[in-house]
Amino acid sequence: MAVAELNSAFTKTHFHSSQLSFLSRSVPKHQHCDFPTLHRTQQHARISCSVTQNQVQAPAVQIQEPKSKSDCYGVFCLTYDLKAEEETKSWKKLINIAVSGAAGMISNHLLFKLASGEVFGPDQPIALKLLGSERSLQALEGVAMELEDSLFPLLREVSIGIDPYEVFQDAEWALLIGAKPRGPGMERADLLDINGQIFAEQGRALNAVASRNVKVIVVGNPCNTNALICMKNAPNIPAKNFHALTRLDENRAKCQLALKAGVFYDKVSNVTIWGNHSTTQVPDFLNAKIDGMPVIDVIKDRKWLEEEFTEKVQKRGGVLIQKWGRSSAASTAVSIVDAIRALITPTPKGDWFSTGVYTDGNPYGIAEGIVFSMPCRSNGDGDYVLVKDVIFDDYLRNRIAKTEAELLAEKRCVAHLTGEGIAVCDLPGDTMLPGEM
């Protein structure tokens, strides 16, 4: 592994939109890179190792004039050829994964799952592109250091920065976690506007520099409408590629059904979360199954299903905050992993998963033009289709209509950010989840 040690005089540096990059740590044991001691200088030192397929060159230090845009910090970069080594030549092509809010607690769990191969597989090398803010940049350096010290073979590059137009360059997956939490006395309309501006800018950045087929999962709340804003500001990226995370709600619903039925949760399938990631969300027990049987045939307490079950799923995050003192982070990271794997792994026959997607062309009669959580299946190619073989009753339709009305109201509230005119906020009530505050 290549290591650069900086003397104490060189440790405090001020910079803007900088990136910390490191590449392969699978240098064969007989290959060694020695870095000369770096002395404080007004110029930027770039350290690089170059490895061709047939030859290893010794690292060189090149003193360069500062560029108009700083692209590295604490530079230790290794250029390599994955096809040159027996261990790596069978690997897939490296993919670029951008993560916003990368210094936060959710990312602190998620990034190590991504780097370990748990998400994309044991033969898929990745590059992590981490987006933070000026306030979090030092923490991002710490995150990168921990990733480096973990020696993940599949983690071939890490870059950090505060400019989405730099960080999102060539991104093939964008996991948008960072968002402003709701502060004391803040109206929900204000939060929609503040976070909406963040996601509008990130949408424009994705549109400008990301892969044309980038898959975008929005986690920062209110995630449905944030996903809509991001999508509307990225017209060159297919609308179908944008998702709002509702997988944690699905996982919570599966857990509660399993507890009530007295089974392990791997027996629970076909659970849908309809609508908004708010307290109007609809955990669907009508179409869910336990061990292949309809839930309503296993749990015959309809009152529990309509009232206690639904409320437990909706308010689970608030209960966790009361117990834990903070909002869920680890379980959210797990649900992001589940959401990604649901798109890159064929859906088990007869089952489906929940994700918030654009409603245009949906078969359920839900209003078009919003991001709404619905049941989906995937062939494992990153794409999905909406499930058609679902049933509805009056209870389910009435609940869906309520969450649909809320999302339509949120859409009107952010019209100035989606290019649809003047914003008019007539939100039907405060349905924010506790974790958003």
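None of the figures in this text is laboratory data; all of them are computed from the coordinates on show. As the structure is a computational prediction, the values presented were derived from the model and not from experiment. Positions of Cβ are generated from backbone atoms using ideal geometry, with glycine treated the same way; all protein chains shown enter the neighbour counts.
How large is the translational diffusion coefficient of the range 222-344 in µm² per second when you combine the Kirkwood radius over alpha carbon pairs with Stokes-Einstein at 20 °C and 1.002 mPa s?
Numbers: Rh = 15.6 Å.
Once the numbers are plugged in, D ends up at 137 µm²/s.
Could you compute the net charge surrounding residue 240? Neighbours are other residues with a C-beta less than 11 Å from the C-beta of residue 240; K and R count +1, D and E count -1. Could you put the intermediate results ahead of the total?
Details: positive: 215; negative: 360, 383.
With Lys, Arg at +1 and Asp, Glu at -1, the net is -1.
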Qualifying trypsin sites (Lys or Arg not before Pro) for the range 109-161 [loop in DSSP, other Cβ within 10 Å: at most 11] | 135
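Using only the Cα atoms of the range 247-418, build the gyration tensor, take square roots of its eigenvalues as a ≥ b ≥ c, and label the shape rounded, prolate or oblate: rounded if a/c is under 1.5, else prolate if a/b is larger than b/c, else oblate.
Numbers: a/c = 1.27, a/b = 1.17, b/c = 1.08.
Note, shape of the range 247-418 comes out rounded.
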When only C-alpha pairs under 8 Å and at least 6 residues apart count, what is the relative contact order of the range 345-428, in percent?
-> 22
Sequence order, the range 324-337: Karplus ³J(HN,Hα) from phi using 6.51 cos²θ - 1.76 cosθ + 1.60, θ = phi - 60°, Hz rounded, Gly and Pro as x, gives 9, x, 7, 6, 5, 10, 4, 5, 5, 4, 4, 5, 5, 4
Considering amide H positions built from the backbone, and no H for Pro or chain starts, which residues 5 or more places from residue 355, or on another chain, come under 5 Å of its amide H?
-> 374, 376
